[in-house]
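Bear in mind these aren't lab numbers, they're just calculated from the coordinates by the rules spelled out. This is a predicted model, so every value here is computed, not measured. Please note: Cβ atoms are built from the backbone with ideal geometry, for glycine as well, and neighbour counts cover all protein chains shown.
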Amino acid sequence: MTDPIEQDFQHTPAEHKGQEPIIRLRNLVKRFGDQTVLSGVNLDVYPGETMVIMGGSGSGKSTMLRTMIGTHRAEEGSVELFGQNICGLGEEQLNEVRKKFGILFQSGALFNSMTIGENVALPLREHTDLDDEIIDIQVKIKLELVGLREDAHKYPAQISGGMKKRAGLARALALDPKILFYDEPSAGLDPVTSAQIDQLIIALTRQLGVTSVVVTHEMDSAFTIADRMAMLDRGVMLCLHERAWFEHLRDMPVHEAKQLSEKKQLVRQFLRGDADGPLAARRDEASYSADLFGMTMDRVTRTPSVEPTRG
């Protein structure tokens, strides 16, 4: 019997039966020199859902995002957006596809020499023939969606980190995209601001019907916003399921968890942030002391992780 952790990537959630994926990855391989960062990754994302892509540092999730938006070119496999394979497109054709999606970068990526309003107006000025009056109206609408309409005149240096994220999101919304890509939207934010960004993502998905792909390792955020979750490990798609599957694995009693396969224990350790487990054991196999001196040292005693603060 197949381990349910290895769910078929072509599984369609009940609410999306009959729909074609708006994003489809097939056998995606990405290398940098001799290093394979993504190894045969498959993924379907359906219209209107929020897909969270998670994994530890170096798992390949950021590379996967950049390949999905065309910043990186895959060595093998395909990336289909809106039914079109972008892997073979030239830059001009790729830019036409990019007009249909928006990106919230980890830092916000605002231009410091422009006001918040000017940052949001930039895509409209570059990619449309709208009059200035219409652009000004559109900028106010987008800033109102993220709660920054009254801050349009401020420069990035004059606002907080959370406000920069919201301003970056308003700019990502400028061209009314069908897909929003988020790169670590909670990174560098305090817990309250992070929770506010999560609620904003949920609200925008519901109000605008956009499809959201969120790359994160923040589990509180992931469990708040996700419809489905995908976990990468060493460039391989380890599992892909609805959020409830991951919640069950995370909250499973310890005595039951001990009977899980090593793969499921690895996923559970990541979800809970536990110090002990397969991920820690993997790192201990080639410890620093053994590599440097050919000797072993007593392991530092690990204390249990804190419980997640948000469901």
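In whole angstrom, how far apart do the alpha carbon centroids of the stretch 72-104 and the stretch 146-225 sit?
Value for the Cα centre distance between the two parts: 23 Å.
Lysines within cross-link reach of LYS264: Cα-Cα under 25 Å, excluding same-chain residues under 8 positions apart?
LYS264 reaches LYS61.
For the residues TYR182, TYR155, what sequence is obtained by ranking on other C-beta atoms within 10 Å, fewest first? Present the calculation step by step, with values, prior to reporting the outcome.
Values: TYR182 28, TYR155 15.
Ordered by Cβ neighbours within 10 Å, fewest first: TYR155, TYR182.
Please arrange LYS30, LYS165, LYS17 by how many other C-beta atoms lie within 10 Å of their C-beta, fewest to most.
On the way: LYS30 22, LYS165 30, LYS17 8.
In increasing order of surrounding Cβ atoms, one gets LYS17, LYS30, LYS165.
Relative to a virtual label point 7 Å from the Cα of PHE82 in the Cα→beta-carbon direction, which members of the stretch 98-130 show backbone nitrogen distances below 19 Å?
Answer for this model: 98-104, 123-130.
Using 0.36 nm times the number of residues separating ARG73 and PHE111, minus their current alpha carbon distance, what extension gain do you get?
Once the chain is fully extended between ARG73 and PHE111, it gains 11.1 nm.
Which length gain, in nm to one decimal place, applies between GLN199 and LYS140 when the Cα-Cα distance is subtracted from 0.36 nm times their residue separation?
19.2 nm
For the modelled label position 7 Å from the Cα of LYS99 along Cα-to-Cβ, which residues of the stretch 67-81 have backbone nitrogen atoms closer than 19 Å?
Taking a point 7 Å out along Cα→Cβ of LYS99, the residues of the stretch 67-81 whose backbone N falls under 19 Å are 69-71, 81.
With volume of the Cα convex hull per residue in Å³ in mind, check [x] 148; [y] 175; [z] 125 and report the label derived from this structure.
The value computed from this structure is option [y].
Lysines near LYS140 by alpha-carbon distance under 18 Å, same-chain residues fewer than 8 away left out - which ones?
List returned: LYS154, LYS164, LYS165.
Starting with the fewest neighbours, write out CYS87, CYS239 ranked by other beta-carbon atoms found within 10 Å of each beta-carbon.
CYS87, CYS239
Under a crude label model (7 Å from the Cα following the beta-carbon direction), how far is LEU208 from ARG31 in nanometres?
For LEU208 paired with ARG31, the spin-label model returns 3.8 nm.
Show that you can apply the helix-only estimate: for the chain, add -39,500 (n - 2.57) for every DSSP H stretch of four or more residues, divide by all residues, and state [θ] at 222 nm to the nearest 500.
After summing the helix terms and dividing by the residues of the chain, the value is -11000 deg cm²/dmol.
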